Amino acid sequence: MIRATVSAAALLLLAACNSGEQAPAPGAPTVTVADALCRPTPKGRQTTGCYMTLTASGDDRLVSGESPQAKYVQIHESRMESNMMMMQQMRDGLPLAAGQATSLAPGGNHLMLLGVEEPLATGDTVTLKLTFATAGPVEVTARVAQPAAGEYDHVAAH
Ligand SMILES: [Cu+2]
């Protein structure tokens, strides 16, 4: 008898929890950015690659980037063609699946800075503003450093 009363109370609690889950309006979609890093610009070059990890709260798309330190910021993909690493702009942007960490990394997708006026050296920072299809824009401060050793030298492909 006592046991029956307890489980009835537990069921009521569960019911309360379940109905509560649907009540709150979904928060505004957001994208979080981690580990933002830009390579130092090679001597005499005004282009370099930036890498980071993006996680969107809902399905989204990185559509563009900008930086006060570069004339253009493009979203690039890399792929092997006839044993050569080729890069091309992702004109439709980079899809982000809800809750999944999407990496921009050497040898893969990356942000390309073009027309970098002031050379970037290790220890500098780059301010990037990323624009998404759904989430609000995100401002990122990337540190300038060489990615971990052994990774593909992106700039050589340019
Ligand atoms: Cu590139």
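The values are calculated or read from the model by the stated rules, or taken from the named source; none is laboratory data. The structure presented is a predicted model; accordingly, all values stated were derived computationally and were not measured. Note that each Cβ is placed from the backbone with ideal geometry, even for glycine, and that neighbours are counted across all protein chains shown. Areas reflect the complete protein model, heavy atoms only, side chains present, ligands, DNA and RNA absent. Shrake-Rupley method; radii C 1.70, N 1.55, O 1.52, S 1.80 Å.
Restricting attention to segment 98-119, report how many residues are within 21 Å of Val138 (Cα to Cα), surrounded by fewer than 17 Cβ atoms within 10 Å (Cβ to Cβ) and not aliphatic (A, V, I, L, M). Residues meeting the conditions: 3. Among the residues of segment 103-135, the one identified as within 17 Å of Lys71 (Cβ to Cβ) and at pLDDT below 95 is Glu117. Only a single item in (1) outside any strand (DSSP E or B); (2) open to solvent by 60 Å² or more (accessible area, probe 1.4 Å) is not met by Pro95, and it is number (1). Only residues that are in contact with a Phe, Trp or Tyr (Cβ under 8 Å, 6 or more places away or on another chain) and surrounded by fewer than 17 Cβ atoms within 10 Å (Cβ to Cβ) were counted across segment 30-60, and they come to 1. Quickly run through segment 75-102 and pick out the residues that are of a type in the set (Asp, Glu) and modelled with pLDDT of 95 or more. Across segment 75-102, the qualifying residues are Glu77, Asp92.
For segment 136-158, the set of residues classified as modelled with pLDDT of 95 or more, over 12 Å from the mean Cα position of the chain (by Cα) and aliphatic (A, V, I, L, M) consists of Val144, Ala145, listed by residue number. Among the conditions (1) within 15 Å of the chain's Cα centre (by Cα); (2) more than 9 Å from the ligand (Cβ to nearest atom), the only one that Met80 does not satisfy is (1). With respect to (1) at pLDDT below 95; (2) within 16 Å of the ligand (Cβ to nearest atom), the lone exception for Tyr72 is condition (1).
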